[in-house]
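Input: a single structure, listed below in structure tokens.
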Amino acid sequence: MLETLDLKQKLDRADYAKRLTRGQIQLRELGWQVYQQKRPVVLAFEGWDAAGKGGAIKRVTEKLDPRGYVVYPISAPQGEDKTRHYLYRFWRRLPEKGQIAIFDRSWYGRVLVERVEGFCTEAEWKRAYKEINSFERQLRDSGCILAKFWVQISREEQLRRFEERQKIGYKAWKLTDEDWRNRAKWSDYEEAVEEMLLKTSTRTAPWTVVEGNDKHWARVKVLERLVEVLTRELGYKPRDPLK
């Protein structure tokens with residue numbers, strides 16, 4: 001699946017600015033409808049290290065009312081979360097009606113990093129596909145709007161971004177020894193991603209795979225897909241602010 005993506009997709013700066021502005025203003029209008037209609041919204045972002053998940057999330061939230069959303073950066077479970085079922089920490093972070101919860105990494109860690117790094121047994125990560133599909137189906141059946149994004153970049157582009165982070169002081173903190181270790185297992189992670197996309201992209205909770213080599217393209221694709229999903233789910237079409 002991943003090898004069929006055209007990672008050469010890109011936007012020039014003028015087109016990017018235009019489509020970014022349109023998407024953000026439409027998303028702000030839809031965010032008000034989320035509050036008005038009292039619909040909970042869950043957004044899950046997954047992707048390679050340095051794929052641009054944080055940059056995409058920043059553009060999604062830039063013009064939203066800050067009272068209407070929360071971003072959860074997900075790392076290894078700690079404290080009480082570590083003693084319970086892996087889905088527990090996500091259940092307890094689900095949004096109230098009329099609110100948006102954004103997960104920067106998510107419950108898919110079970111079938112990605114935990115699978116590859118051996119943090120769970122083979123039986124546990126294989127069982128997780130069914131558990132995750134059931135979890136997401138329950139969210140949808142309860143009226144939750146759910147959108148899932150996988151941001152794909154090439155191995156070469158990841159290396160370029162890693163090296164760039166090493167050279168730029170204010171970005172250096174983002175690069176860790178763990179990132180380099182994960183990169184060394186690229187083929188193992190790629191196999192896990194392929195299986196994840198195949199087994200957890202369902203009619204009620206499909207994945208949107210985003211070509212991420214060009215950050216402008218990726219951010220706009222995420223925004224426009226979100227506008228499309230919310231427009232359909234809310235039954236409300238936002239105006240085009242550029243007309």
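The values are calculated or read from the model by the stated rules, or taken from the named source; none is laboratory data. In this text the structure is predicted, and so the values were computed from the model without any measurement. Every residue, glycine among them, receives a Cβ derived from its backbone with ideal geometry; neighbour counts consider all protein chains shown. All accessible areas refer to the heavy atoms of the entire protein, side chains included, with ligands and DNA or RNA removed. Shrake-Rupley method; radii C 1.70, N 1.55, O 1.52, S 1.80 Å.
Remark: pairs (first residue in region 218-243, modelled with pLDDT of 95 or more; second residue of a type in the set (D, E, K, R) and loosely packed, with under 15 Cβ neighbours inside 10 Å; Cβ separation under 7 Å; 6+ apart in sequence or on different chains) = THR231/LYS237. Scoring SER154 on the criteria (1) more than 30 Å from GLY235 (Cα to Cα); (2) buried (at least 18 other Cβ atoms within 10 Å of the Cβ); (3) touching a residue at least 40 places away in the same chain (Cβ under 8 Å) leaves a single failure, condition (2).
For region 7-39, taking the residues that are part of a helix (DSSP H, G or I) and acidic (Asp, Glu), the one that is farthest from LYS148 (Cα to Cα) is identified as ASP15.
In region 161-180, the residues that are under 9 Å from ALA50 (Cα atoms) never reach a residue that is of a type in the set (A, V, I, L, M) and open to solvent by 60 Å² or more (accessible area, probe 1.4 Å) with C-beta atoms less than 8 angstrom apart, at least six apart or across chains. Under the condition of being out of contact with any helix residue (DSSP H, G or I) (no Cβ under 7 Å at 6 or more places or on another chain) and in a loop (DSSP other than H, G, I, E, B), which residue from region 40-64 is surrounded by the most Cβ atoms within 10 Å (Cβ to Cβ)? That would be ALA51. The residue that is farthest from TYR35 (Cα to Cα), counting only those in region 94-119 that are under 19 Å from the mean Cα position of the chain (by Cα) and either free of Cβ contacts under 8 Å to residues at least 12 places away in the same chain or in a loop (DSSP other than H, G, I, E, B) (or both), is LEU112. May I ask you to verify whether ARG89 is touching a helix residue (DSSP H, G or I) at 6+ places or on another chain (Cβ under 8 Å) and under 27 Å from LYS237 (Cβ atoms)? Against the criterion (touching a helix residue (DSSP H, G or I) at 6+ places or on another chain (Cβ under 8 Å) and under 27 Å from LYS237 (Cβ atoms)), ARG89 does not qualify. The number of residues in region 190-213 being surrounded by 19 or more Cβ atoms within 10 Å (Cβ to Cβ) and either farther than 22 Å from GLU122 by Cβ or among the hydroxyl-bearing types (Ser, Thr, Tyr) (or both) comes to 7.
For beta carbons closer than 6 Å, sequence separation of 6+ or different chains, a first residue in region 66-93 that is within 14 Å of CYS120 (Cβ to Cβ) and open to solvent by less than 50 Å² (accessible area, probe 1.4 Å) and a second that is hydrophobic (A, V, I, L, M, F, W, C) and in a loop (DSSP other than H, G, I, E, B), there are no qualifying pairs. With the condition kept exactly as written, say whether any residue in region 23-46 is closer than 23 Å to ARG183 by Cβ, small (Gly, Ala, Ser) and out of contact with any Phe, Trp or Tyr (no Cβ under 9 Å at 6 or more places or on another chain). Checking region 23-46: not a single residue is closer than 23 Å to ARG183 by Cβ, small (Gly, Ala, Ser) and out of contact with any Phe, Trp or Tyr (no Cβ under 9 Å at 6 or more places or on another chain).
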